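A.B. asks: This is the structure I have questions about; it appears just below.
The values are calculated or read from the model by the stated rules, or taken from the named source; none is laboratory data. Note that the structure is a prediction, hence the values are computed from the model and not measured. Glycine gets a Cβ as well: all are built from the backbone with ideal geometry, and neighbour counts include every protein chain shown. For the accessible areas, the whole protein counts, side chains as well, though only heavy atoms, and no ligand, DNA or RNA atoms are used. Shrake-Rupley method; radii C 1.70, N 1.55, O 1.52, S 1.80 Å.
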Protein chains: 2
Amino acid sequence: VDTWALRWLDPPDGPAVVLLDQTRLPAEETYLTCTDVASLVDAIGRLVVRGAPLLGLAGAFGVALAAYRGEDVAQAADALARARPTAANLSWGAGRALAAYQAARWNGATTPLNAERIAGRAALAEARAVAAEDAAASAAIAAHGLSLVQEQARILTHCNTGALVSAGEGTAFAIILAAHRAGRLAQLWVDETRPLLQGSRLTAWELETAGIPHAVIADSAAASLMAAGEVDCIVTGADRIAANGDTANKIGTYSLAVLAAHHELPFYVVAPTSTIDPETPTGADIPIEERSGDELTTRFVARNPAFDVTPASLITAIVTEHGVRQPVAP
Amino acid sequence: VDTWALRWLDPPDGPAVVLLDQTRLPAEETYLTCTDVASLVDAIGRLVVRGAPLLGLAGAFGVALAAYRGEDVAQAADALARARPTAANLSWGAGRALAAYQAARWNGATTPLNAERIAGRAALAEARAVAAEDAAASAAIAAHGLSLVQEQARILTHCNTGALVSAGEGTAFAIILAAHRAGRLAQLWVDETRPLLQGSRLTAWELETAGIPHAVIADSAAASLMAAGEVDCIVTGADRIAANGDTANKIGTYSLAVLAAHHELPFYVVAPTSTIDPETPTGADIPIEERSGDELTTRFVARNPAFDVTPASLITAIVTEHGVRQPVAP
């Protein structure tokens, strides 16, 4: 399973991970070819490839790339896992491919030259399994999530959670697509999602392609739409879900959750179980990435946290491929 | 009293209103000379001149310009009042100068040629009085508002409320300046204020000039700063305050008020009494300007309300030149 946003290529001169450069969308559809882990780690940091599920694929295929290229695979997995701190999927995906590599390597320890090749294939097979599972999870998420969407629904979403971040149709976006296909979607409000505009650059582009009625809004306009009765529910993705249900996601998500509670609107978080990190007890334990203030303003001092944490108590339900967990808080 | 942002010029070839073009700040400090009311109305619509108190001046000086230029003064006052719908000060300022013009015109009805000149001077004198009163109001606001600021305060503000919108030092910004001078300001968080970035373009620029510690944030990051305990109070301006205390201000203000209530933080609205409109009973009666979606995205469909309404129940106090009204809601 290869995705549009991330593909494994294996030409005669050696394999590569090819990324759709999401920093240039929608103006240009260009691709970046990473032939070593260092360039992939750099691309992850620059958000050429982004979004929790897709970062799982990037981590896994990155480990396979290291194995095929003869790089130190454990070191590569570590570098990939650290490329960005918040999304759980990145280290999870890298860890899965590394474990597959190491198991194969250990089994073939007596014939080292051949074992290296076999272990590389095992890592790649595992990366492809991660992608296939993500595609299946996306479809299951859409089916489960559709049950939460009423007729003539006006949904508000944040950031980008579609095919650009998934081997399938995405997370929150997959539910929105399912609602549209079921004829239940009356309007979709798209937070532009400052500072990097994943909403107005990426989500609006995917919506236009899918022919779904939508309108981009300033992030700060969501509250007044809720007050005016023009929003029925809020649906977002997640970058890491702690064991207690606290959820880190794109900056602004927590703001929406507080606003949803104030306006008595349901607030749904949508993610594959690969985003759930049982080793992170609560939201307070999730590292929040601080990105350069230049993403906001190059002239003045700025503070630019890329994510925030929404406590489980403000989340109406979490949708995964296994179903709808509601209530979230114990 | 002439301000930096709006000046009356009276060269031999006829008077003009000269505006600092706020759409080009901070990159360029350029001035636009309006020699008739039509060009001033256009400039108001394009936000060359903006901010509630300054719009009061623009309305008043615009009427004086009409009188000096021999335009239909009542028609000019009407066009100015309608140039933007939300800020109360615009029609209030135009109305004051028109009333002064009409009173002088009526008194001098027997000698029409001279009376026209006298009435024009009366309109200009009234516009200058509006400016002088605004400067005095700003100073009184700062003194009253300072009582609300604790030692080592971390204040969050939205949009731009400084010398760019006032014949004095502004509204909310005047309190921030007073707090800084009193040594009470530890940090100022500046919402960038999408879509037109009055925070990161204008407020940050004024803060840099004043040497005040600050950091620009994405509007949607305010919530997580509040949750982290890094904000002590929120201070904003107002575009129109209804008789019951409901307040229209830049889009995103209502969002901040809900977030402030959730985090049990004081939320202060700061405005001269010229922003209070006793003829508007409640926030539901305030017309909200919808601006072009192109301000958000030129490629996709967008919805772009320029203001929202914060109910009086979410406002801790309203500061005017007459003092601190607390509680606001009856």
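A.B. asks: What does the copy distance list look like for residue B:102, label position 7 Å along Cα→Cβ, in nm and ordered from shortest?
C.D. replies: Once sorted, the set of distances for residue B:102 reads 8.4 nm.
A.B. asks: From the label point of residue B:69, set 7 Å from Cα along Cα→Cβ, how far away are the matching label points in the other copies, in nm, ordered shortest to longest?
C.D. replies: 6.5
A.B. asks: If you don't mind, there's one more thing I want to ask. For residue A:278, place a label point 7 Å out from Cα along the Cα→Cβ vector, do the same in each other copy, and report the separations in nm, one decimal, smallest first.
C.D. replies: Those separations, rounded to one decimal, come out as 6.8 nm.
A.B. asks: Using the 2.2 N^0.38 Å rule of thumb for compact globular proteins, work out how the protein assembly as shown stacks up: its C-alpha Rg over that value, please.
C.D. replies: Working: Rg = 28.5 Å, N = 660, 2.2 N^0.38 = 25.9 Å.
Against the empirical 2.2 N^0.38 Å value, I get 1.10 for the protein assembly as shown.
A.B. asks: When the Karplus curve 6.51 cos²θ - 1.76 cosθ + 1.60 is applied with θ = phi - 60°, which whole-Hz ³J(HN,Hα) does each residue of the range B:8-22 get, with x for Gly and Pro?
C.D. replies: Rounded to whole hertz, the list is 9, 10, 10, x, x, 7, x, x, 8, 9, 9, 10, 5, 6, 6.
A.B. asks: Which FRET efficiency value, to the nearest 0.05, do you get for residue B:18 and residue A:209 by plugging their Cβ-Cβ distance into 1/(1 + (r/R0)^6) with R0 = 51 Å?
C.D. replies: Working: r = 48 Å, r/R0 = 0.94.
Rounded to the nearest 0.05, the efficiency is 0.60.
A.B. asks: If you count the DSSP beta bridges with both ends in the range A:182-302, what percent of them are antiparallel, to the nearest 5? Intermediate results must be reported in sequence, preceding the final value.
C.D. replies: Working: 2 of 10 bridges.
Bridges in the range A:182-302 are about 20 percent antiparallel.
A.B. asks: Can I ask one more? Work out from phi, with θ = phi - 60° and the Karplus expression 6.51 cos²θ - 1.76 cosθ + 1.60, the ³J(HN,Hα) of each residue of the range B:90-101, listed in order in whole Hz, and give x for Gly and Pro.
C.D. replies: 4, 6, 5, x, 4, x, 5, 5, 5, 4, 5, 4
A.B. asks: Also: With a 10 Å cut-off between alpha carbons and a GNM built on chain A, which of A:248, A:43, A:88 moves the most?
C.D. replies: A:43
A.B. asks: Rounded to the nearest 20 debye, what is the charge dipole size of the range A:5-73 about its Cα centre when +1 sits on each Lys and Arg Cβ and -1 on each Asp and Glu Cβ? Provide the component values of the computation, followed by the final result.
C.D. replies: Numbers: 5 positive and 9 negative charges, 49 e Å.
Around 240 debye, computed over the range A:5-73.
A.B. asks: Can you pull the accessible area of residue A:309 for me, 1.4 Å probe, Å² to the nearest 10?
C.D. replies: It works out to around 40 Å².
A.B. asks: Using a cut-off of 12 Å between beta-carbons, work out the net charge of the residues near residue B:122 (Lys and Arg +1, Asp and Glu -1, residue B:122 not included). Don't jump to the answer; show the numbers that get you there.
C.D. replies: On the way: positive: B:96, B:105, B:117, B:121, B:128; negative: B:116, B:126.
Neighbour charge sum, excluding residue B:122 itself: +3.
A.B. asks: Among residues other than residue A:161 whose Cβ falls under 14 Å from its Cβ, what is the net charge (Lys/Arg +1, Asp/Glu -1)? List each step's numbers first, then the result.
C.D. replies: Details: positive: A:50, A:201, A:250; negative: A:134, A:169, A:191, A:206, A:239.
Residues near residue A:161 contribute -2 overall.
A.B. asks: To continue, here is another question. Quick one: dipole size for the protein assembly as shown, taken about the Cα centre, charges +1 on Lys/Arg Cβ and -1 on Asp/Glu Cβ, in debye to the nearest 20. Working shown, then result.
C.D. replies: On the way: 46 positive and 72 negative charges, 7 e Å.
Roughly 40 debye for the protein assembly as shown.
A.B. asks: Another question, then. Count the net charge of all other residues whose Cβ sits under 12 Å from the Cβ of residue B:138, scoring Lys and Arg as +1 and Asp and Glu as -1. Walk me through the numbers on the way to the answer.
C.D. replies: Working: positive: none; negative: B:133, B:134, B:169, B:321.
Spelling it out: positives minus negatives among the neighbours equals -4.
A.B. asks: Taking a probe of 1.4 angstrom, what is the accessible area of residue B:239 in Å², to the nearest 10?
C.D. replies: Residue B:239 has an accessible surface of roughly 20 Å² with all protein chains in place.
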